[in-house]
Amino acid sequence: MSNNQEYLIEVSWEVCNKVGGIYTVITSKAEKVISKYRGNYLLIGPYFADKIQGVFEEFSMEEKDKICPKAVCDELALQGIILHLGKWLIEGEPNVVLIDYFNVKKDINNIKRFLWDKFNIDSLRSPYDYDDPVAWSFAAGKFIESFSGYSKNKRICCQFHEWLAGPGLLYLKAKNANVATVFTTHATTLGRSLSFSGFDLYENLQKLDPDKKAYEVNTEAKHLLEKASAKNADIFTTVSEITGIEADKILGRKPDVILPNGLDLDLYPTFEDLSIEHRTHRDNMREFLLYYFLPHYKFDVKDTLFYFLAGRYEYRAKGIDIFIKSLSGLNRRLIEEKSSKTIIAFIFVPTRIRAVRETILENRTNFNDIKDDINENMSDIRKNIISNIVAGAGISKDTIFDDELIFNIKRKTLKLARKGNPPLSTHYLMDENDQIMRALNESDLNNTEKDRVKVIYYPIYLTGADSLLDQTYQQVIIASHLGIFPSYYEPWGYTPLECCANGVANITTDLAGFGRYIKPKLRKDYPGAFVIERFGKSEDAVVKQLYEVMYNFAMLSKKDRVENKISARNLAELADWSNLIENYFNAYRLAAKKRWS
């Protein structure tokens, strides 16, 4: 091969194990990697029997021998390392080795001693989620060592993702194995931990003592493992410029290559199809609003805009705090201007729940009762409309509906009516002092009739079959007008990129990897994605920026919103793997050059 290295092995805890964003990275780029390496590409992950059904197909004995010598499997089995060889049922169907590390974990103290003796990694206070990935990755290192020993005619490059795969890299380093290594950090463990705790990471980054701070917040085991992996890899990479800045200070090494996260646009609808899907999914969302809000008071759901924030419950890191404060400012401004605009702000952040609010279930039942009456009489209603149009008669409820139907609808409409305000949350929450609910109340966002910004906190995963919205996350994106992700800590940020791929305008920040990546590439007239400045800015300044962008977007004409949708979709092209995968290939070439030149 032109890159002077014939075999690529990629090691990640998220191979056949959906946990977080790395799963999306690996699955979406697999086909592009296979197009270059073909059968010389192998992924290594953990073996969890309860998670692999439908995603992993184990090979027959004959097939296994084609990708890994039987001698390797037998040799490792004697050490308690059981290998499951097969293919991952994703695009490209790459070959995978899933490692059953149960017996290896019994030797975890000796593994920790090895890491201490060789690399000074202190794991005396390691947390509960440390031992499993360390045992698995150490076993992966042994597999690679053995595999390379039986493949002396091949040059092997191995990429290890995050601290969880670090022990495998360090094992190979200690054994001076004849493989090239690439280590990728998607977010430093210390940076993530500090940001989630409310620590002002970027404001204090240059005066930070990383090792000391790691001990203060009890994350030294992961931090020191990650730091040693970055230091000892042939090539060190991060996913974004902002993470590179963080890694330089926290891990003590600048990235050699930046590996932006991409997506496979072929898996998304065309812009023409998105236009059709937008109307369909938008109308489904509007129907939900009909029984969520209109039993309490009336407004024109056809003249509303859907804004949304989605992500894990990381209140500060995901910018949920900024979002709520900005919504409050936007609401006040629209009220003061006596605006006719109505904005529905969805907060799709899963948390622990008790049950759906019974008032919403009752509203839905009563609404569906009215809807069923209309549907059952639709044939007669249609005939009446056509007859009146042809006859030149006026169209009114008396000429369209018969007396019995009018009576039934009136009775059921009165049953649908409710006093008070619509709830802020669709569900009762386990935490009665929930941070999001508390912030909404403190920001005077109460879903009153006068409010121009109305909030729906939707604290469950969007499965497409939850008996409320009944839409998947992608369908919700397509239905919406603006996705809002004002993150404080976001090494990359797939959510705004997913909005772009689905032709939806969005807001991100210059503290998000994707935001910094696209900011120089934005159009001034119709950016499609709006990047607000958070780096070095006060909270008040960020809140003001965000609410002004949301306000200006609300004032756009339909034509201007469509232009932004087109721009958003065009931005996604810049992050398609066909454009970004070469960064990975470059990292592998550099690792091979460093190892063997």
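Cross-link partners among aspartates and glutamates for residue 544, C-alpha distance below 18 Å, same-chain residues fewer than 8 apart left out?
Filter leaves 321, 336, 337, 442, 444, 510, 533.
What translational D, rounded to a whole number of µm²/s, comes out for the chain from Stokes-Einstein when the hydrodynamic radius is the Kirkwood one over Cα pairs, at 25 °C and 0.890 mPa s?
The Stokes-Einstein estimate is 92 µm²/s.
Got a sec to turn the phi values of segment 236-244 into Karplus ³J(HN,Hα) couplings, 6.51 cos²θ - 1.76 cosθ + 1.60 with θ = phi - 60°, whole Hz, x for Gly and Pro?
Result, ordered by residue: 10, 9, 10, 8, 7, 4, 5, 6, x Hz.
Compute the distance from the alpha-carbon center of segment 276-294 to that of segment 441-506, in whole Å.
Centre-to-centre (Cα) distance: 14 Å.
Run the reach check for residue 64 against lysines, Cα to Cα strictly under 26 Å, same-chain hits fewer than 8 apart removed. What comes back?
18, 29, 32, 36, 51, 87, 105, 142, 152, 154
Can you tell me the 0 to 90 degree angle between the C-alpha axis of helix 131-149 and the longest principal axis of the chain, rounded to 10?
Long axis of 131-149 versus the principal axis of the chain: about 50 degrees.
Report, in degrees rounded to the nearest 10, the 0 to 90 angle that the Cα long axis of helix 378-391 makes with the longest principal axis of the chain.
50 degrees
Residue 463 to residue 48: extension gain in nm, 0.36 nm per residue of separation minus the Cα-Cα distance?
147.1 nm
With θ set to phi - 60° and the Karplus curve 6.51 cos²θ - 1.76 cosθ + 1.60, what are the ³J(HN,Hα) couplings of segment 312-328 in order, to the nearest whole Hz, using x for Gly and Pro?
Each residue of segment 312-328 in turn: 5, 6, 10, 3, 8, 4, 8, x, 4, 4, 5, 4, 5, 5, 5, 4, 4 Hz.
How many angstrom lie between the C-alpha centres of segment 332-390 and segment 79-114?
51 Å
How high is the FRET efficiency between residue 352 and residue 61 when r is their beta carbon distance and R₀ equals 45 Å, given to the nearest 0.05?
0.45
Need one number: % antiparallel among DSSP beta bridges in the chain, to the nearest 5.
Close to 20 percent.
Using only Cα atoms, tell me the angle between helix 403-416 and the longest principal axis of the chain; keep it within 0 to 90° and round to the nearest 10.
In the chain, helix 403-416 runs at an angle near 50 degrees to the longest axis.
Once both labels are modelled 7 Å past Cα along the beta-carbon direction, what's the residue 570-residue 368 spacing in nm?
Spacing of the two 7 Å Cα→Cβ label points: 4.5 nm.
Would you grab the residues whose amide H sits under 5 Å from the one on residue 353? Only those 5+ places off in sequence or on another chain, please, with H modelled 1.01 Å from N.
430
Report ³J(HN,Hα) in whole Hz for each residue of segment 581-589, in order, from the Karplus equation J = 6.51 cos²θ - 1.76 cosθ + 1.60 where θ = phi - 60°; Gly and Pro get x.
Values, residue by residue: 5, 4, 4, 5, 4, 5, 4, 5, 4 Hz.
May I ask you to list the residues of segment 175-196 whose amide nitrogen lies under 17 Å from a point 7 Å from Cα along the Cα→beta-carbon direction of residue 19?
183-193
With r as the distance between the Cβ atoms of residue 382 and residue 412 and R0 = 22 Å, compute the FRET efficiency 1/(1 + (r/R0)^6) and round to 0.05.
With R0 = 22 Å, the Cβ-Cβ based efficiency is 0.55.
Which residues among segment 397-419 fall inside the zone where the amide N is under 16 Å from a point 7 Å beyond the Cα of residue 302, along Cα→Cβ?
Within reach of a label on residue 302, which here means backbone N under 16 Å from a point 7 Å along Cα→Cβ, segment 397-419 contributes 397.
Given a Förster distance of 22 angstrom, what is the FRET efficiency for residue 248 paired with residue 197, based on the Cβ-Cβ distance and rounded to 0.05?
0.55
The numbers here are math on the coordinates, done by the rules we state, and not lab data. Keep in mind it's a predicted model, so treat the numbers as computed, not measured. Cβ coordinates were reconstructed from backbone atoms using ideal geometry, including for glycine residues, and neighbour counts include every protein chain displayed.
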